[in-house]
Amino acid sequence: EPEVTQTPSHQVTQMGQEVILRCVPISNHLYFYWYRQILGQKVEFLVSFYNNEISEKSEIFDDQFSVERPDGSNFTLKIRSTKLEDSAMYFCASSEGRAGGVDTQYFGPGTRLTVL
Amino acid sequence: GNSVTQMEGPVTLSEEAFLTINCTYTATGYPSLFWYVQYPGEGLQLLLKATKADDKGSNKGFEATYRKETTSFHLEKGSVQVSDSAVYFCALGRYNNNDMRFGAGTRLTVKP
C-alpha cells in the first residue's frame, strides 16, 4: 500500500541553524501538507501546497518557514533560523485532491526536530 | 471557530473490555470527521471516517457514528486487544478546506 515517507526520523540542531525536513508524498496525490505537534499538545496545521504554490497557511507558518517541491517526488519544509520553540514532531501529509468535498489526508511517520 | 474536543486520557483497560473515547466538535458548514491512530514510534494512520450526518465509519472492530444533533463522533470498540494500545486522535475536515483540526489525542493502554 502506498505511503507517505519522511526523512530524517529525528533531527537535532542548534538554535539559529537552518533545517530542511523532507517528505515523499503518495505518488498520485496532488495536495501536500505540513503539520506539527509540540510534545503533549495538539497536532496543528502549518501549510497546504497545491500546483506548486501554497494554498493555505496558518498563523504559525511565518516568514521563517518555507515549502518547496524541488522535483517530482519530494516535498520539503525549511525552517530558516530555528528557535527552541520549533522543537516538535513535524508530520507531512498528502491527499488526492478530489474536486469538492473533503479530501482524506494520509500522514507520514513524522520527523522529530529537537532544537538545542 | 472550528474545533474538536476529545476525552482526555490516559485510558487504561483490560483486554476484551469495551472502549469509548468521546469526541465532540464545533464547526460551520458540513464537516467530515475522522479518527486517526498513532501506534508507538509511528505516524498518524487513518482509522475511520464519516462524511455526513448519521454515517457510521468502521475499521478493525472500531466504530464511530457522526451525530449532528449532539455534534459528536465517539469512538467505540466492543473488545479491545493489547495491540490496540496507541494514541487516538479525533479530527475534523471542512468542505473545500485543507487544514484538518485535531483533538488533543487520547492515549489508550490495554493490559493483558
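The values are calculated or read from the model by the stated rules, or taken from the named source; none is laboratory data. Predicted, not measured: the structure shown is a model, and the values here were computed from it. Cβ sites come from the backbone with ideal geometry, for glycine too, and all protein chains shown count toward neighbours.
Would you mind telling me which numbered condition in (1) at negative phi; (2) away from every other protein chain (no Cβ under 14 Å) B:GLU42 fails?
(2)
Tally up the residues in region B:4-48 that are surrounded by 14 or more Cβ atoms within 10 Å (Cβ to Cβ), touching a residue at least 40 places away in the same chain (Cβ under 8 Å) and among the polar types (S, T, N, Q), please.
So the answer is 6.
Given A:GLU53, A:GLU18, A:GLU96, A:GLU3, which one is at pLDDT 95 or above and surrounded by fewer than 19 Cβ atoms within 10 Å (Cβ to Cβ)? Step through it out loud before you land on a result.
On the way: A:GLU53 fails: at pLDDT 95 or above; A:GLU96 fails: at pLDDT 95 or above; A:GLU3 fails: at pLDDT 95 or above.
Of A:GLU53, A:GLU18, A:GLU96, A:GLU3, the one residue that is at pLDDT 95 or above and surrounded by fewer than 19 Cβ atoms within 10 Å (Cβ to Cβ) is A:GLU18.
Listed here are the residues, each with its yes/no results for (1) touching a His at 6+ places or on another chain (Cβ under 6 Å); (2) farther than 29 Å from A:SER55 by Cα; (3) of a type in the set (A, V, I, L, M, F, W, C); (4) surrounded by 14 or more Cβ atoms within 10 Å (Cβ to Cβ).
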site	(1), (2), (3), (4)
B:GLY61	no, yes, no, no
B:GLU76	no, yes, no, yes
B:PHE89	no, no, yes, yes
B:ARG101	no, no, no, yes
B:VAL110	no, yes, yes, yes
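Results for (1) out of contact with any Leu (no Cβ under 7 Å at 6 or more places or on another chain); (2) within 26 Å of B:GLY1 (Cβ to Cβ); (3) touching a residue at least 60 places away in the same chain (Cβ under 8 Å), shown as yes or no for each residue.
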{"site": "A:ILE38", "(1), (2), (3)": "yes, yes, no"}
{"site": "A:VAL43", "(1), (2), (3)": "yes, yes, no"}
{"site": "A:TYR50", "(1), (2), (3)": "no, yes, no"}
{"site": "A:GLU59", "(1), (2), (3)": "yes, yes, no"}
{"site": "A:VAL67", "(1), (2), (3)": "no, yes, no"}
{"site": "A:GLY72", "(1), (2), (3)": "yes, no, no"}
{"site": "A:LEU77", "(1), (2), (3)": "no, yes, no"}
{"site": "A:ARG80", "(1), (2), (3)": "yes, no, yes"}
{"site": "A:LEU84", "(1), (2), (3)": "yes, no, yes"}
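Against the condition modelled with pLDDT under 90 and in contact with a strand residue (DSSP E or B) (Cβ under 8 Å, 6 or more places away or on another chain), how does B:GLY41 come out, does it pass? Write out each step before concluding.
Values: modelled with pLDDT under 90: yes; in contact with a strand residue (DSSP E or B) (Cβ under 8 Å, 6 or more places away or on another chain): no.
Here the answer is no, as B:GLY41 does not meet what is asked.
Identify all residues within region B:65-112 that are within 14 Å of another protein chain (Cβ to nearest Cβ), of a type in the set (Ser, Thr, Tyr), touching a residue at least 40 places away in the same chain (Cβ under 8 Å) and more than 18 Å from A:GLN37 (Cβ to Cβ); write none if there are none.
So the first thing to find is which residues in region B:65-112 are within 14 Å of another protein chain (Cβ to nearest Cβ), and the list is B:66, B:73, B:86-107.
Narrowing further to those that are of a type in the set (Ser, Thr, Tyr): B:66, B:88, B:95, B:106.
When the remaining residues are screened for being touching a residue at least 40 places away in the same chain (Cβ under 8 Å), the result is B:88, B:95, B:106.
Within region B:65-112, B:TYR95 is the sole residue that qualifies.
Please report, ordered by residue number, the strands (runs of 3 or more DSSP E) entirely within region A:16-116 with at least 1 residues that are of a type in the set (Ser, Thr, Tyr). Let's see the steps before the verdict.
Numbers: elements: A:19-24, A:31-37, A:43-50, A:53-57, A:65-68, A:75-79, A:88-95, A:111-115.
Passing ranges, in order: A:31-37, A:43-50, A:53-57, A:65-68, A:75-79, A:88-95, A:111-115.
Would you check if B:SER79 is out of contact with any Gly (no Cβ under 6 Å at 6 or more places or on another chain), hydroxyl-bearing (Ser, Thr, Tyr), within 25 Å of A:GLU1 (Cβ to Cβ) and outside any strand (DSSP E or B)? Break it down stepwise before answering.
On the way: out of contact with any Gly (no Cβ under 6 Å at 6 or more places or on another chain): yes; hydroxyl-bearing (Ser, Thr, Tyr): yes; within 25 Å of A:GLU1 (Cβ to Cβ): no; outside any strand (DSSP E or B): yes.
So B:SER79 fails the test.
Closer than 25 Å to B:TYR88 by Cα, of a type outside the set (Val, Ile, Thr) and in a loop (DSSP other than H, G, I, E, B): does that describe A:GLU3?
For A:GLU3, the condition - closer than 25 Å to B:TYR88 by Cα, of a type outside the set (Val, Ile, Thr) and in a loop (DSSP other than H, G, I, E, B) - is met.
Restricting attention to region A:99-116, and to residues there that are surrounded by fewer than 22 Cβ atoms within 10 Å (Cβ to Cβ) and at pLDDT 90 or above, which single residue is nearest to the other protein chains (Cβ to nearest Cβ)?
Taking region A:99-116 first, the residues surrounded by fewer than 22 Cβ atoms within 10 Å (Cβ to Cβ) are A:99-101, A:104, A:109, A:112-116.
Remaining after also requiring at pLDDT 90 or above: A:109, A:112-116.
Details: A:PRO109: 4, A:ARG112: 10, A:LEU113: 15, A:THR114: 16, A:VAL115: 21, A:LEU116: 22 Å.
The extreme case among them is A:PRO109.
Out of the residues in region B:16-37 that are within 11 Å of the chain's Cα centre (by Cα) and under 15 Å from B:ALA86 (Cα atoms), which is farthest from the other protein chains (Cβ to nearest Cβ)?
B:THR20
Give A:SER9, A:SER48, A:SER87 a once-over and let me know the one that is within 19 Å of B:GLY43 (Cα to Cα) and buried (at least 20 other Cβ atoms within 10 Å of the Cβ). Give the steps one after another, and end with the answer.
Numbers: A:SER9 fails: buried (at least 20 other Cβ atoms within 10 Å of the Cβ); A:SER87 fails: buried (at least 20 other Cβ atoms within 10 Å of the Cβ).
Answer to the check: A:SER48.
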